[in-house]
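Asks: Below you'll find the structure I mean.
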Amino acid sequence: MKILFTCLGNICRSPIAEGVLRKKISALDLPWQVASNGTNRFHKGEPADPRTISVCKKNGVDINSHIARRFKTSDFKEYDLIICMAEDVFDELQQFVTDNAQLKKVVVKSIKDPWYGNQDGFDECYQAIANYCDILIDEIRALKP
Ligand code: 4NP
């Protein structure tokens with residue numbers, strides 16, 4: 001199972017999700033892979049936002065090696081599940097679609113964008129993502145025959 005989290009900039013929501021899910025699947029010894037990227041190129045090549053790094057560190061999630069990437073059409077082939085972290089992310093994803101069948105792999109989980117807020121917003125964002133990751137793990141495990 002290869003899971004991709006996609007947000008807009010790949011510096012706030014999706015790096016948190018990648019780090020949190022990776023930690024959880026490692027603790028459960030699940031053979032899944034997890035990655036993240038963003039639909040825009042504004043922060044490509046940059047580390048995560050300092051507020052993202054801070055909230056992750058506080059929760060024992062290491063994302064120091066994160067480098068922001070942009071979504072590319074081949075990701076539809078590469079991943080089994082693509083999680084758009086807001087409706088506007090899903091809208092932006094449309095520019096990479098070359099075949100509507102690619103959208104079968106895509107789900108939307110709306111997580112409030114913390115970018116314009118303060119550190120408290122990142123704490124809320126982290127909690128919402130951590131809760132979602134628990135649900136996601138249960139859902140994926142339930143798919144197994
Ligand atoms: P993210 O947050 O999509 O969760 O990484 C954002 C980061 C940057 C911008 C918007 C959202 N931006 O407009 O630069």
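Asks: For a quick check of your reading of the filter: which trypsin sites (Lys or Arg not before Pro) in segment 26-100 sit in a DSSP loop and have no more than 16 other Cβ atoms within 10 Å?
Replies: Details: sites: R41, K44, R51, K57, K58, R69, R70, K72, K77; in loops: R41, K44, R69, K72.
Of the trypsin sites (Lys or Arg not before Pro), the ones in loops of segment 26-100 whose Cβ has at most 16 other Cβ atoms within 10 Å are R41, K44, K72.
Asks: Okay, next question. How much net charge surrounds L28 when only other residues with a Cβ under 12 Å from its Cβ are counted (Lys, Arg +1; Asp, Glu -1)? Don't skip to the answer; put the middle values down first.
Replies: Numbers: positive: R22, K23, K24, R141; negative: D29, D134, D138.
Around L28, the charge tally is +1.
Asks: Counting other Cβ atoms within 10 Å, which chymotrypsin sites (Phe, Trp or Tyr not before Pro) in segment 97-134 have at most 14 and lie in a DSSP loop?
Replies: Here the sparse-neighbourhood loop sites are Y116.
Asks: Of K24/K57; K2/K57; K2/K105; K23/K72; K57/K105; K77/K112, which ones are farther than 21 Å apart at the Cα? Mind dumping the intermediate values first?
Replies: On the way: K24/K57 15 Å; K2/K57 25 Å; K2/K105 11 Å; K23/K72 25 Å; K57/K105 31 Å; K77/K112 28 Å.
In this structure, K2/K57; K23/K72; K57/K105; K77/K112 lie more than 21 Å apart at Cα.
Asks: With just the Cα atoms defining each centre, how far is segment 30-59 from segment 104-145? Give it in Å.
Replies: 13
Asks: More than 20 Å apart: what percent of Cα pairs in segment 2-143 qualify? Let's see the in-between values first.
Replies: Numbers: 4152 of 10011 pairs.
Counting pairs separated by more than 20 Å, the tail of P(r) holds 41 percent.
Asks: If neighbour count is taken as other Cβ atoms inside 10 Å, put T98, T73, T52, T39 in order from fewest to most.
Replies: On the way: T98 8, T73 13, T52 25, T39 22.
So the ranking, lowest neighbour count to highest, is T98, T73, T39, T52.
Asks: Once both labels are modelled 7 Å past Cα along the beta-carbon direction, what's the K72-Q119 spacing in nm?
Replies: About 3.7 nm, to one decimal.
Quick note: the coordinates plus some simple rules give every number you see, no bench work behind them. Keep in mind that this is a model prediction, so the values were computed, not measured. No Cβ is skipped: glycine too gets one built from the backbone with ideal geometry, and neighbour counts run over all protein chains shown.
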